[in-house]
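Below is one structure, written out as C-alpha coordinates, with a few remarks after it.
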(Lines give C-alpha, C1' and ligand atoms only; values in the text may rest on other atoms or scores of the structure.)
Protein backbone atom coordinates (compact mmCIF):
# COMPACT_ATOMS: atom_id res chain seq x y z
CA UNK A 1 0.00 0.00 0.00
CA UNK A 2 1.36 3.39 -1.01
CA UNK A 3 1.69 5.90 1.82
CA UNK A 4 1.11 9.49 0.76
CA UNK A 5 2.86 12.06 2.95
CA UNK A 6 1.02 15.05 4.23
CA UNK A 7 1.71 18.34 2.49
CA UNK A 8 4.87 20.32 3.17
CA UNK A 9 2.82 22.91 5.04
CA UNK A 10 4.98 25.47 6.85
CA UNK A 11 8.10 23.73 5.65
CA UNK A 12 7.97 25.86 2.49
CA UNK A 13 7.07 29.06 4.28
CA UNK A 14 10.28 30.71 3.11
CA UNK A 15 12.58 29.78 0.24
CA UNK A 16 16.34 30.10 0.10
CA UNK A 17 15.95 32.88 -2.45
CA UNK A 18 14.08 34.93 0.14
CA UNK A 19 17.15 35.20 2.33
CA UNK A 20 18.82 38.60 2.59
CA UNK A 21 22.28 38.75 1.03
CA UNK A 22 25.14 39.52 3.39
CA UNK A 23 28.61 40.51 2.20
CA UNK A 24 31.42 38.15 3.15
CA UNK A 25 34.12 39.92 5.18
CA UNK A 26 37.49 39.91 3.43
CA UNK A 27 39.13 38.15 6.35
CA UNK A 28 36.68 35.25 5.92
CA UNK A 29 37.08 34.89 2.15
CA UNK A 30 39.99 32.46 2.34
CA UNK A 31 38.18 30.29 4.86
CA UNK A 32 35.03 30.32 2.73
CA UNK A 33 36.94 29.23 -0.38
CA UNK A 34 38.61 26.45 1.61
CA UNK A 35 35.25 25.25 2.96
CA UNK A 36 33.75 25.19 -0.52
CA UNK A 37 36.68 23.15 -1.84
CA UNK A 38 36.29 20.67 1.00
CA UNK A 39 32.54 20.43 0.33
CA UNK A 40 33.18 19.57 -3.31
CA UNK A 41 35.72 16.91 -2.30
CA UNK A 42 33.27 15.36 0.16
CA UNK A 43 30.55 15.35 -2.50
CA UNK A 44 32.78 13.18 -4.68
CA UNK A 45 33.34 10.61 -1.92
CA UNK A 46 31.40 7.34 -1.99
CA UNK A 47 30.58 7.28 1.72
CA UNK A 48 29.87 3.65 2.54
CA UNK A 49 29.79 3.64 6.32
CA UNK A 50 26.70 2.60 8.32
CA UNK A 51 26.04 6.16 9.44
CA UNK A 52 25.99 8.99 9.02
CA UNK A 53 24.65 8.16 5.59
CA UNK A 54 24.52 10.30 2.41
CA UNK A 55 21.63 12.73 2.09
CA UNK A 56 19.54 13.61 -0.93
CA UNK A 57 20.10 17.04 -2.42
CA UNK A 58 16.55 17.92 -1.42
CA UNK A 59 17.35 17.06 2.20
CA UNK A 60 20.54 19.12 2.17
CA UNK A 61 18.62 22.06 0.72
CA UNK A 62 16.02 21.68 3.46
CA UNK A 63 18.69 21.63 6.15
CA UNK A 64 19.92 25.02 4.89
CA UNK A 65 16.55 26.72 5.25
CA UNK A 66 16.07 29.65 7.65
CA UNK A 67 15.41 29.09 11.32
CA UNK A 68 11.92 29.46 12.77
CA UNK A 69 10.42 30.08 16.20
CA UNK A 70 10.20 26.56 17.58
CA UNK A 71 7.42 27.69 19.91
CA UNK A 72 5.43 29.35 17.14
CA UNK A 73 2.50 28.24 14.95
CA UNK A 74 4.73 27.26 12.01
CA UNK A 75 6.50 24.74 14.20
CA UNK A 76 3.23 23.35 15.51
CA UNK A 77 2.01 22.78 11.95
CA UNK A 78 5.30 21.17 10.89
CA UNK A 79 5.34 18.90 13.95
CA UNK A 80 1.77 17.76 13.38
CA UNK A 81 2.65 16.82 9.79
CA UNK A 82 5.91 15.14 10.79
CA UNK A 83 4.55 13.05 13.66
CA UNK A 84 1.56 11.87 11.60
CA UNK A 85 3.88 10.80 8.79
CA UNK A 86 6.26 9.03 11.17
CA UNK A 87 3.41 7.04 12.72
CA UNK A 88 2.13 6.20 9.24
CA UNK A 89 5.53 4.98 8.06
CA UNK A 90 6.13 2.93 11.21
CA UNK A 91 2.56 1.62 11.21
CA UNK A 92 2.16 2.43 14.88
CA UNK A 93 -0.62 3.96 16.92
CA UNK A 94 1.93 5.21 19.46
CA UNK A 95 3.46 8.66 19.55
CA UNK A 96 6.98 9.04 18.15
CA UNK A 97 9.16 11.28 20.29
CA UNK A 98 11.93 13.38 18.74
CA UNK A 99 14.84 14.17 21.05
CA UNK A 100 17.84 16.23 19.96
CA UNK A 101 20.58 13.69 20.65
CA UNK A 102 22.49 10.84 19.08
CA UNK A 103 21.21 7.28 19.08
CA UNK A 104 23.22 6.73 22.25
CA UNK A 105 21.30 9.62 23.79
CA UNK A 106 18.15 7.69 22.95
CA UNK A 107 19.51 4.64 24.78
CA UNK A 108 20.31 6.74 27.83
CA UNK A 109 16.89 8.38 27.76
CA UNK A 110 15.30 4.94 27.70
CA UNK A 111 17.17 3.72 30.77
CA UNK A 112 16.90 6.99 32.71
CA UNK A 113 13.13 7.07 32.32
CA UNK A 114 12.27 3.46 33.13
CA UNK A 115 14.94 1.93 35.36
CA UNK A 116 15.76 2.58 39.01
CA UNK A 117 19.04 1.81 40.72
CA UNK A 118 19.11 -1.85 41.73
CA UNK A 119 16.60 -3.03 39.13
CA UNK A 120 17.52 -6.36 37.56
CA UNK A 121 18.25 -5.92 33.84
CA UNK A 122 19.17 -8.52 31.24
CA UNK A 123 21.45 -7.39 28.41
CA UNK A 124 23.14 -8.99 25.41
CA UNK A 125 26.81 -8.60 24.54
CA UNK A 126 27.10 -9.53 20.87
CA UNK A 127 29.04 -6.49 19.72
CA UNK A 128 29.93 -2.88 20.43
CA UNK A 129 26.37 -1.54 20.51
CA UNK A 130 24.87 -4.34 22.56
CA UNK A 131 27.66 -3.71 25.08
CA UNK A 132 26.94 0.01 24.99
CA UNK A 133 23.30 -0.54 25.94
CA UNK A 134 24.50 -2.67 28.87
CA UNK A 135 27.03 -0.02 29.90
CA UNK A 136 24.33 2.65 29.97
CA UNK A 137 22.15 0.47 32.22
CA UNK A 138 25.07 -0.13 34.60
CA UNK A 139 25.84 3.59 34.70
CA UNK A 140 22.34 4.12 36.12
CA UNK A 141 22.84 1.50 38.80
CA UNK A 142 21.07 -1.46 37.23
CA UNK A 143 21.87 -4.94 38.49
CA UNK A 144 22.98 -6.28 35.13
CA UNK A 145 23.19 -9.81 33.85
CA UNK A 146 24.73 -10.18 30.41
CA UNK A 147 24.26 -12.93 27.84
CA UNK A 148 27.55 -13.35 25.99
CA UNK A 149 27.33 -14.07 22.25
CA UNK A 150 30.32 -14.56 19.98
CA UNK A 151 30.78 -11.62 17.64
CA UNK A 152 29.43 -12.45 14.20
CA UNK A 153 26.64 -14.63 15.60
CA UNK A 154 23.05 -13.84 16.57
CA UNK A 155 21.40 -14.44 19.92
CA UNK A 156 19.62 -17.79 19.97
CA UNK A 157 16.04 -17.38 21.25
CA UNK A 158 16.44 -20.60 23.24
CA UNK A 159 19.39 -19.07 25.09
CA UNK A 160 17.28 -16.06 25.95
CA UNK A 161 14.44 -18.33 27.08
CA UNK A 162 16.61 -20.40 29.39
CA UNK A 163 18.18 -17.27 30.88
CA UNK A 164 14.79 -15.71 31.58
CA UNK A 165 13.79 -18.90 33.41
CA UNK A 166 16.58 -18.09 35.86
CA UNK A 167 15.67 -14.39 36.14
CA UNK A 168 12.24 -14.26 37.74
CA UNK A 169 12.49 -10.60 38.78
CA UNK A 170 13.87 -9.14 35.58
CA UNK A 171 12.74 -5.53 35.11
CA UNK A 172 13.89 -5.06 31.52
CA UNK A 173 15.53 -6.86 28.62
CA UNK A 174 17.88 -4.91 26.35
CA UNK A 175 17.90 -6.13 22.74
CA UNK A 176 19.71 -4.90 19.65
CA UNK A 177 17.89 -5.41 16.37
CA UNK A 178 20.86 -4.80 14.08
CA UNK A 179 24.37 -5.02 15.55
CA UNK A 180 26.18 -2.54 13.29
CA UNK A 181 29.64 -3.48 14.54
CA UNK A 182 29.33 -7.09 13.30
CA UNK A 183 26.68 -6.78 10.54
CA UNK A 184 24.38 -9.21 12.35
CA UNK A 185 20.59 -8.89 12.39
CA UNK A 186 19.25 -10.60 15.49
CA UNK A 187 15.95 -12.53 15.14
CA UNK A 188 14.11 -9.73 16.86
CA UNK A 189 10.57 -11.02 16.39
CA UNK A 190 11.43 -14.38 17.96
CA UNK A 191 13.35 -12.69 20.77
CA UNK A 192 10.51 -10.31 21.62
CA UNK A 193 8.01 -13.16 21.69
CA UNK A 194 10.24 -15.13 24.05
CA UNK A 195 10.36 -12.23 26.47
CA UNK A 196 6.59 -11.81 26.35
CA UNK A 197 6.00 -15.54 26.91
CA UNK A 198 8.55 -16.01 29.67
CA UNK A 199 8.43 -12.84 31.75
CA UNK A 200 6.74 -9.55 32.50
CA UNK A 201 9.91 -7.60 31.75
CA UNK A 202 9.98 -4.42 29.72
CA UNK A 203 11.40 -4.96 26.22
CA UNK A 204 13.75 -2.30 24.87
CA UNK A 205 15.01 -2.53 21.28
CA UNK A 206 17.96 -0.60 19.93
CA UNK A 207 16.85 -0.15 16.30
CA UNK A 208 19.22 2.72 15.57
CA UNK A 209 20.60 1.15 12.38
CA UNK A 210 17.53 -0.83 11.36
CA UNK A 211 14.36 1.22 11.82
CA UNK A 212 13.35 2.66 8.47
CA UNK A 213 15.28 0.01 6.51
CA UNK A 214 14.22 -3.32 7.99
CA UNK A 215 10.76 -4.52 9.10
CA UNK A 216 10.00 -4.01 12.78
CA UNK A 217 6.29 -4.37 13.70
CA UNK A 218 6.44 -2.31 16.88
CA UNK A 219 2.80 -2.62 17.95
CA UNK A 220 2.42 -6.27 16.92
CA UNK A 221 5.48 -7.29 18.94
CA UNK A 222 4.40 -5.03 21.82
CA UNK A 223 7.90 -3.58 22.19
CA UNK A 224 8.04 -1.17 25.09
CA UNK A 225 10.69 1.21 23.77
CA UNK A 226 12.18 1.39 20.27
CA UNK A 227 15.11 3.73 19.62
CA UNK A 228 16.38 5.02 16.28
CA UNK A 229 18.62 7.81 14.95
CA UNK A 230 18.19 10.31 12.14
CA UNK A 231 21.60 9.68 10.55
CA UNK A 232 20.98 6.05 9.64
CA UNK A 233 18.19 4.67 7.43
CA UNK A 234 16.34 7.98 7.48
CA UNK A 235 19.00 9.67 5.34
CA UNK A 236 19.17 12.83 7.44
CA UNK A 237 22.14 14.48 9.20
CA UNK A 238 22.94 13.35 12.77
CA UNK A 239 21.31 14.98 15.74
CA UNK A 240 17.86 13.51 16.32
CA UNK A 241 16.96 10.40 18.31
CA UNK A 242 13.51 8.88 17.80
CA UNK A 243 11.76 6.92 20.54
CA UNK A 244 8.47 5.02 20.51
CA UNK A 245 7.06 4.05 23.92
CA UNK A 246 4.27 1.68 24.92
CA UNK A 247 1.71 2.47 27.62
CA UNK A 248 3.57 0.08 29.90
CA UNK A 249 6.77 2.06 29.34
CA UNK A 250 5.00 5.35 30.07
CA UNK A 251 3.77 3.89 33.37
CA UNK A 252 7.35 2.90 34.13
CA UNK A 253 8.46 6.51 33.67
CA UNK A 254 6.26 7.45 36.63
CA UNK A 255 7.81 4.78 38.85
CA UNK A 256 11.48 5.08 37.93
CA UNK A 257 13.65 6.98 40.39
CA UNK A 258 16.71 7.56 38.21
CA UNK A 259 17.69 11.24 37.91
CA UNK A 260 16.77 12.94 34.64
CA UNK A 261 16.18 16.42 33.36
CA UNK A 262 17.05 17.02 29.70
CA UNK A 263 16.18 13.39 28.92
CA UNK A 264 12.91 13.37 30.87
CA UNK A 265 10.68 11.94 28.15
CA UNK A 266 7.53 13.20 29.85
CA UNK A 267 8.66 16.73 29.00
CA UNK A 268 8.97 15.78 25.33
CA UNK A 269 5.60 14.02 25.26
CA UNK A 270 3.83 17.01 26.79
CA UNK A 271 5.64 19.54 24.60
CA UNK A 272 5.04 17.60 21.38
CA UNK A 273 1.35 17.45 22.21
CA UNK A 274 1.48 21.25 21.95
CA UNK A 275 3.49 21.13 18.72
CA UNK A 276 6.79 22.17 20.22
CA UNK A 277 9.80 20.95 22.25
CA UNK A 278 10.81 21.37 25.90
CA UNK A 279 14.28 22.56 24.84
CA UNK A 280 15.76 24.03 21.67
CA UNK A 281 15.65 21.31 19.01
CA UNK A 282 17.98 20.71 16.06
CA UNK A 283 15.74 22.56 13.62
CA UNK A 284 17.79 21.74 10.48
CA UNK A 285 17.48 18.02 11.22
CA UNK A 286 13.72 18.37 11.62
CA UNK A 287 13.52 20.18 8.28
CA UNK A 288 15.56 17.45 6.62
CA UNK A 289 13.56 14.65 8.23
CA UNK A 290 10.31 16.15 6.97
CA UNK A 291 11.59 16.06 3.37
CA UNK A 292 13.27 12.63 3.66
CA UNK A 293 10.14 11.12 5.15
CA UNK A 294 8.11 12.38 2.19
CA UNK A 295 10.36 10.43 -0.18
CA UNK A 296 10.19 7.36 2.05
CA UNK A 297 6.41 7.36 2.16
CA UNK A 298 6.21 7.65 -1.61
CA UNK A 299 8.56 4.66 -1.99
CA UNK A 300 6.48 2.85 0.71
CA UNK A 301 7.90 0.94 3.67
CA UNK A 302 7.59 -2.37 1.80
CA UNK A 303 9.49 -0.94 -1.16
CA UNK A 304 12.25 0.33 1.11
CA UNK A 305 12.59 -2.97 2.96
CA UNK A 306 12.76 -4.85 -0.35
CA UNK A 307 15.37 -2.46 -1.75
CA UNK A 308 17.59 -2.81 1.32
CA UNK A 309 17.36 -6.61 1.30
CA UNK A 310 18.14 -6.70 -2.43
CA UNK A 311 21.14 -4.39 -2.14
CA UNK A 312 22.45 -6.28 0.90
CA UNK A 313 22.34 -9.56 -1.01
CA UNK A 314 24.17 -7.91 -3.89
CA UNK A 315 26.82 -6.58 -1.51
CA UNK A 316 27.42 -9.99 0.06
CA UNK A 317 27.65 -11.65 -3.34
CA UNK A 318 30.10 -8.97 -4.46
CA UNK A 319 32.29 -9.54 -1.42
CA UNK A 320 32.32 -13.30 -2.06
CA UNK A 321 33.20 -12.70 -5.73
CA UNK A 322 36.39 -11.00 -4.52
CA UNK A 323 37.31 -14.16 -2.64
CA UNK A 324 36.76 -12.47 0.72
CA UNK A 325 35.13 -14.10 3.72
CA UNK A 326 31.99 -12.61 5.23
CA UNK A 327 32.18 -12.02 8.97
CA UNK A 328 28.54 -12.38 10.00
CA UNK A 329 26.55 -15.61 10.09
CA UNK A 330 24.85 -15.67 6.64
CA UNK A 331 21.56 -16.77 8.21
CA UNK A 332 21.47 -13.56 10.21
CA UNK A 333 23.07 -11.12 7.80
CA UNK A 334 22.10 -7.47 8.14
CA UNK A 335 20.22 -5.60 5.42
CA UNK A 336 22.01 -2.35 6.23
CA UNK A 337 25.70 -3.26 6.58
CA UNK A 338 28.01 -6.03 5.38
CA UNK A 339 31.19 -7.00 7.25
CA UNK A 340 34.09 -8.83 5.62
CA UNK A 341 37.35 -10.18 6.98
CA UNK A 342 40.53 -8.40 5.91
CA UNK A 343 42.62 -10.87 3.85
CA UNK A 344 45.69 -12.30 5.52
CA UNK A 345 48.80 -10.32 4.70
CA UNK A 346 46.92 -7.09 3.97
CA UNK A 347 47.55 -4.04 6.15
CA UNK A 348 44.03 -2.88 6.98
CA UNK A 349 45.01 0.72 7.69
CA UNK A 350 46.85 0.95 4.36
CA UNK A 351 43.83 -0.53 2.58
CA UNK A 352 41.44 1.96 4.15
CA UNK A 353 43.73 4.87 3.34
CA UNK A 354 44.15 3.74 -0.28
CA UNK A 355 40.41 3.34 -0.73
CA UNK A 356 39.86 6.87 0.51
CA UNK A 357 42.70 8.73 -1.23
CA UNK A 358 42.97 6.92 -4.55
CA UNK A 359 39.47 5.58 -5.06
CA UNK A 360 37.42 8.16 -3.13
CA UNK A 361 35.57 5.46 -1.24
CA UNK A 362 35.14 5.32 2.53
CA UNK A 363 34.52 1.97 4.23
CA UNK A 364 33.90 1.63 7.96
CA UNK A 365 36.67 -0.01 9.95
CA UNK A 366 36.22 -2.64 12.62
CA UNK A 367 35.58 -1.35 16.12
CA UNK A 368 37.36 -2.17 19.37
CA UNK A 369 38.55 -5.80 19.25
CA UNK A 370 37.72 -6.08 15.54
CA UNK A 371 39.90 -3.12 14.58
CA UNK A 372 42.21 -4.19 11.78
CA UNK A 373 40.35 -7.48 11.29
CA UNK A 374 37.24 -6.50 9.35
CA UNK A 375 35.89 -3.85 7.00
CA UNK A 376 32.24 -2.84 6.93
CA UNK A 377 30.29 -1.73 3.89
CA UNK A 378 27.25 0.38 4.73
CA UNK A 379 24.19 0.19 2.48
CA UNK A 380 21.34 1.92 4.25
CA UNK A 381 19.21 4.97 3.70
CA UNK A 382 19.39 6.73 0.35
CA UNK A 383 21.36 4.10 -1.55
CA UNK A 384 21.06 2.18 -4.81
CA UNK A 385 23.04 -0.61 -6.50
CA UNK A 386 25.48 1.65 -8.44
CA UNK A 387 27.02 3.02 -5.21
CA UNK A 388 27.62 -0.51 -3.91
CA UNK A 389 28.98 -1.74 -7.23
CA UNK A 390 31.38 1.22 -7.31
CA UNK A 391 32.52 0.52 -3.73
CA UNK A 392 33.22 -3.10 -4.59
CA UNK A 393 35.17 -2.12 -7.73
CA UNK A 394 37.23 0.25 -5.59
CA UNK A 395 37.92 -2.54 -3.10
CA UNK A 396 39.03 -4.89 -5.89
CA UNK A 397 41.42 -2.28 -7.25
CA UNK A 398 42.81 -1.31 -3.84
CA UNK A 399 43.46 -4.94 -2.91
CA UNK A 400 45.23 -5.48 -6.22
CA UNK A 401 47.36 -2.38 -5.61
CA UNK A 402 48.45 -3.90 -2.30
CA UNK A 403 49.45 -7.15 -3.97
CA UNK A 404 46.44 -9.28 -3.09
CA UNK A 405 45.55 -11.78 -5.78
CA UNK A 406 41.85 -12.13 -6.47
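The values are calculated or read from the model by the stated rules, or taken from the named source; none is laboratory data. These figures come from a predicted structure and were not determined experimentally. Here Cβ is always computed from backbone atoms with ideal geometry, including for glycine, and neighbour counts include all displayed protein chains.
Under 30 Å from residue 253 (Cα atoms), surrounded by 15 or more Cβ atoms within 10 Å (Cβ to Cβ) and within 19 Å of the chain's Cα centre (by Cα) - does that describe any residue in region 294-308? Looking for residues that are under 30 Å from residue 253 (Cα atoms), surrounded by 15 or more Cβ atoms within 10 Å (Cβ to Cβ) and within 19 Å of the chain's Cα centre (by Cα), one finds none in region 294-308, hence no. Before we move on, is residue 377 under 30 Å from residue 300 (Cα atoms), in contact with a helix residue (DSSP H, G or I) (Cβ under 6 Å, 6 or more places away or on another chain) and buried (at least 19 other Cβ atoms within 10 Å of the Cβ)? Spelling it out, residue 377 is indeed under 30 Å from residue 300 (Cα atoms), in contact with a helix residue (DSSP H, G or I) (Cβ under 6 Å, 6 or more places away or on another chain) and buried (at least 19 other Cβ atoms within 10 Å of the Cβ). Of the candidates 122, 107, 78, the single residue that is closer than 12 Å to residue 242 by Cα and buried (at least 20 other Cβ atoms within 10 Å of the Cβ) is 107. Condition (residue is under 29 Å from residue 75 (Cβ atoms) and touching a helix residue (DSSP H, G or I) at 6+ places or on another chain (Cβ under 9 Å)) applied to region 304-322: is it met by at least one residue? Yes. Residues of region 279-293 that are out of contact with any strand residue (DSSP E or B) (no Cβ under 8 Å at 6 or more places or on another chain) and buried (at least 21 other Cβ atoms within 10 Å of the Cβ): 287, 288, 290, 291, 292, 293.
In region 332-344, of all residues being touching a residue at least 12 places away in the same chain (Cβ under 8 Å) and surrounded by fewer than 21 Cβ atoms within 10 Å (Cβ to Cβ), the one that is farthest from residue 389 (Cα to Cα) corresponds to 332. Checking residue 314 against (1) in contact (Cβ under 8 Å) with a residue 60 or more places away in the chain; (2) farther than 18 Å from residue 384 by Cβ; (3) outside the structural domain of residue 119 (by TED's automatic domain parsing): exactly one of these is not met. Which one? All conditions pass for residue 314, except number (2). Yes or no: residue 152 part of a loop (DSSP other than H, G, I, E, B) and in contact with a strand residue (DSSP E or B) (Cβ under 8 Å, 6 or more places away or on another chain)? Criteria met by residue 152. Residues that are surrounded by fewer than 17 Cβ atoms within 10 Å (Cβ to Cβ) and not in a loop (DSSP other than H, G, I, E, B) within region 162-189 comprise 162, 165, 166, 189, listed in sequence order.
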